[in-house]
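Participant: Can you keep this structure in mind? I'll have questions shortly.
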Amino acid sequence: MSDTLHPAAALDDTVHQRARLGILAILSEVTEADVTSLKNELGLTDGNLGRHLQVLAEAGLVTLERSMAGSRPRTRVRATRAGTKALREEVDALRALLRRVR
């Protein structure tokens, strides 16, 4: 058996969760997104999306900017440099894993 870790060991639990991976993937395509578009694109509830955004923000992978649009609250989400790097590393780990299972 090799001393090298299996590619699955490189997967980041914070990023790898389906909803959080989806959030970071969407944010890699745009400068910022609002919570409504993230919720709709990923098929999440307000509470579920809010919790995933909280986890990503606490990890320093996204920033949340709250403001008012007229009388309605609005939250814009942006990936941080660390978030962009974490997504790239996750994709690289997934590629390495795929190479092993083909």
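The values are calculated or read from the model by the stated rules, or taken from the named source; none is laboratory data. Quantities reported herein were computed from a predicted structural model and do not represent experimental measurements. Ideal geometry is used to build each Cβ from the backbone, glycine not excepted, and the neighbour counts take in all protein chains shown.
Participant: Looking only at residues that are in a helix (DSSP H, G or I) and polar (S, T, N, Q) in the range 11-49, which one is surrounded by the most Cβ atoms within 10 Å (Cβ to Cβ)? Break it down into steps so the answer makes sense when it comes.
Facilitator: Within the range 11-49, the subset in a helix (DSSP H, G or I) is 13-16, 18-29, 35-42, 46-49.
With polar (S, T, N, Q) added as a condition, the list becomes 14, 28, 36-37, 40, 48.
Numbers: Thr14: 15, Ser28: 13, Thr36: 12, Ser37: 13, Asn40: 11, Asn48: 13.
The selected residue is Thr14.
Participant: A further question on this structure: Mind checking whether some residue in the range 4-12 is touching a Leu at 6+ places or on another chain (Cβ under 9 Å) and either modelled with pLDDT of 95 or more or hydroxyl-bearing (Ser, Thr, Tyr) (or both)?
Facilitator: Within the range 4-12, none of the residues are touching a Leu at 6+ places or on another chain (Cβ under 9 Å) and either modelled with pLDDT of 95 or more or hydroxyl-bearing (Ser, Thr, Tyr) (or both).
Participant: Thr80 is checked against (1) over 11 Å from the mean Cα position of the chain (by Cα); (2) more than 20 Å from Leu5 (Cα to Cα) and fails just one. What number does that condition carry?
Facilitator: (1)
Participant: Follow-up question, since we're still on this one. Give the residues of the range 65-102 that are over 15 Å from Ile26 (Cα atoms) and part of a strand (DSSP E or B), sorted by residue number.
Facilitator: Glu65, Arg66, Ser67, Met68, Ala69, Arg72, Pro73, Arg74, Thr75
Participant: So which residues in the range 33-74 are touching a strand residue (DSSP E or B) at 6+ places or on another chain (Cβ under 7 Å) and hydroxyl-bearing (Ser, Thr, Tyr)?
Facilitator: Within the range 33-74, Thr63, Ser67 meet the criteria.
Participant: State all residues of the range 59-91 that are under 20 Å from His16 (Cα atoms) and without any contact (Cβ under 8 Å) to a residue 12 or more places away in the chain; if no residue qualifies, say none.
Facilitator: Correct list: Arg81, Lys85, Arg88, Val91.
Participant: If you don't mind, there's one more thing I want to ask. I'd like to know if the range 60-69 contains one or more residues that are modelled with pLDDT of 95 or more and on the phi > 0 side of the Ramachandran plot.
Facilitator: yes
Participant: Right, next: Would you confirm, using the coordinates I've provided, whether Thr63 is of a type in the set (Val, Ile, Thr), over 11 Å from the mean Cα position of the chain (by Cα) and within 22 Å of Glu89 (Cα to Cα)?
Facilitator: Criteria met by Thr63.
Participant: Tally the residues that are surrounded by fewer than 16 Cβ atoms within 10 Å (Cβ to Cβ) and of a type outside the set (Gly, Ala, Ser), restricting the search to the range 56-83.
Facilitator: Qualifying residue count for the region: 12.
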